[in-house]
1. Taking segment 1-24 as the region of interest, how many residues are open to solvent by less than 10 Å² (accessible area, probe 1.4 Å), acidic (Asp, Glu) and away from ligand 1 (no atom under 16 Å from the Cβ)?
2. Restricting segment 186-206 to residues that are of a type in the set (D, E, K, R) and open to solvent by 60 Å² or more (accessible area, probe 1.4 Å), which is farthest from ligand 1 (Cβ to nearest atom)?
3. Quick one: residue 143 ticks every box in (1) free of Cβ contacts under 8 Å to residues at least 40 places away in the same chain; (2) more than 20 Å from the chain's Cα centre (by Cα); (3) within 16 Å of ligand 1 (Cβ to nearest atom) except a single one, so which number is it?
4. Which residue pairs have Cβ atoms closer than 6 Å, lie 6 or more positions apart in sequence or on different chains, and pair a first residue in segment 241-266 that is basic (Lys, Arg) with a second residue that is outside any helix (DSSP H, G or I) and within 16 Å of ligand 2 (Cβ to nearest atom)?
5. Quick check, is residue 216 among the acidic types (Asp, Glu) and touching a strand residue (DSSP E or B) at 6+ places or on another chain (Cβ under 7 Å)?
6. Here are the criteria: (1) within 16 Å of ligand 2 (Cβ to nearest atom); (2) aliphatic (A, V, I, L, M); (3) open to solvent by 10 Å² or more (accessible area, probe 1.4 Å). Tell me which single one residue 139 does not satisfy.
7. For the structure I just gave you, tell me whether residue 258 is within 13 Å of residue 198 (Cβ to Cβ), away from ligand 2 (no atom under 16 Å from the Cβ) and in contact with a helix residue (DSSP H, G or I) (Cβ under 6 Å, 6 or more places away or on another chain).
8. Report yes if residue 228 is away from ligand 1 (no atom under 16 Å from the Cβ), within 23 Å of residue 59 (Cα to Cα), without any contact (Cβ under 8 Å) to a residue 12 or more places away in the chain and open to solvent by 60 Å² or more (accessible area, probe 1.4 Å), otherwise no.
Amino acid sequence: MTPEQFVAGLPKAELHMHIEGSIEPDLFLRLARRNGVAVRWQTEEELRAAYRFTDLQDFLDLYYDGCRVLVKSQDFHDVTREYLRRAHADYVLHAELFLGPQGHTTRGIPLAAVMEGVLGAMADAHAEDAVTSGLIVLAQRHRSEEEALAMLDALQPWYGQLLGFGLGGAEVGNPPAKFAEFFRRCRELGFKVVAHAGEEGPAAYVRDSVELLEVDRVDHGNACVDDPSLVAELAGRRIPLTMCPLSNLKLQVIPAVDAHPLKRLLDAGLCVTVNSDDPSYFGGYVNDNYVACQQALGLDHEDLARLARNSFEAAFMPEAQRVDAIARIDDWLTRSGARAGERE
Ligand code: HPA
Ligand code: ZN
C-alpha cells in the first residue's frame, strides 16, 4: 500500500482551514463572472501562477482581494459546499471551518448573507455526505479590539450555531494581548477559543495565547519550538496545535517540509494535528499535507494514525462521536495491514 492509499483510507478531522482560502480558480472565475466583479486574471492558469508568496502579508493581500468575488449568500454557500465535498473525498469525517466576516461586512455584504450561505452549506453537507462540521469565527488582528467586540455582538442571532471564535490575519505587531477583552467575552459566553500564533510571530505570542487568552487550541504554533518550557507546558496540558505544513512552505515560514517541527513536537508528546489552512492557494488539501509530511519527515503508519487520532482528540465534537471516530482509525490500521500482527 502506498502512503497516498494509507492516508486516503485514514479517517480524520480537519481543524484549520479558512473558507475564503478554499475558492478554487474555476469557482473564483465563475463567481467573478456571475457577480460582474472585475479581476486581474482571465484563466485558471493565470490565477495559479499568481499564487506565489513571499510571506503572510503578501498572501493576505491577494486573499482579501480574492474575497471580492463573494457577494451573494449563494456564493458563500457554493464555496463552503465545494470545500466540504472535497474534504469528504479526503475521508474527513468532521471539519471545523474558519470564517472572517469582517472581510465581507466591511465591503458592504450583509452579515446574514454570509452566515446563512455558510451554515446552509454545512447543513447540506451533513444531509448529503454525513460530514459533520462546525464554524469558528475569526477576528482580523490588524483591526481593533472594538471592531472584534462589535462583530461578536452582531453575531448574536447565530450564537447557537457557532463553535467558537479565533484570531487570524497579520500576526507580527498585533500580539495576543491586543484582544484580551474580546477573548474574555467569548469565553464568558461559553465559546471555544483558538488563535493563530507562532506562524510568523515569536514563541511569546504562543505563550500569551495560552496563558493570557486561555485558548483551547493554538493555530500553527510553530515558534513554540524556541521555548522548551512552553513545549513542555503544551505537552503536559495536551493543548493542541493545528499545524499546516504546505501553508508554511508556501508562505516561507519554513524553507522545506523536512524543516517542519511537526515530527519533533509529536515525539515530544504534543497533540499535533495536520491541516490545509488555505487549500486552493497553498496547493494541497489535508491528505496532501499528510503525504508531504510522511515523505519529508519519514513518518510511519503509526505516526500518521497518531496525527489522525490527535485530530479527533482536538476537535470540538461530542464525546460519543470522538470515540467512534478513533475506533475507525484503529480499524483502518488493522484492515490496511499496517498492524500486521493484529490481523485475523
Ligand atoms: N495566517 C493568518 N491568517 C490567515 C491565514 C494564515 O495562514 N490564512 C488565512 N488567514
Ligand atoms: Zn490559518
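1. Final tally of qualifying residues: 0.
2. Filtering segment 186-206 down to residues of a type in the set (D, E, K, R) leaves 187-188, 192, 199-200.
Narrowing further to those that are open to solvent by 60 Å² or more (accessible area, probe 1.4 Å): 187-188, 192, 200.
On the way: 187: 21, 188: 25, 192: 18, 200: 8 Å.
Restricting to residues being of a type in the set (D, E, K, R) and open to solvent by 60 Å² or more (accessible area, probe 1.4 Å), the top hit is 188.
3. It fails just one condition, (1).
4. Qualifying pairs under 6 Å: 250/53.
5. Working: among the acidic types (Asp, Glu): yes; touching a strand residue (DSSP E or B) at 6+ places or on another chain (Cβ under 7 Å): yes.
Judged against the criteria, residue 216 is a match.
6. Exception for residue 139: condition (3).
7. no
8. Working: away from ligand 1 (no atom under 16 Å from the Cβ): yes; within 23 Å of residue 59 (Cα to Cα): no; without any contact (Cβ under 8 Å) to a residue 12 or more places away in the chain: yes; open to solvent by 60 Å² or more (accessible area, probe 1.4 Å): yes.
When the stated conditions are applied, residue 228 does not pass them.
The values are calculated or read from the model by the stated rules, or taken from the named source; none is laboratory data. This is a predicted model, so every value here is computed, not measured. With ideal geometry, Cβ positions are generated from the backbone for all residues, glycine too; neighbour counts draw on all protein chains shown. Note: accessible area is taken over every heavy atom of the protein model, side chains too, but ligands, DNA and RNA are not part of it. Shrake-Rupley method; radii C 1.70, N 1.55, O 1.52, S 1.80 Å.
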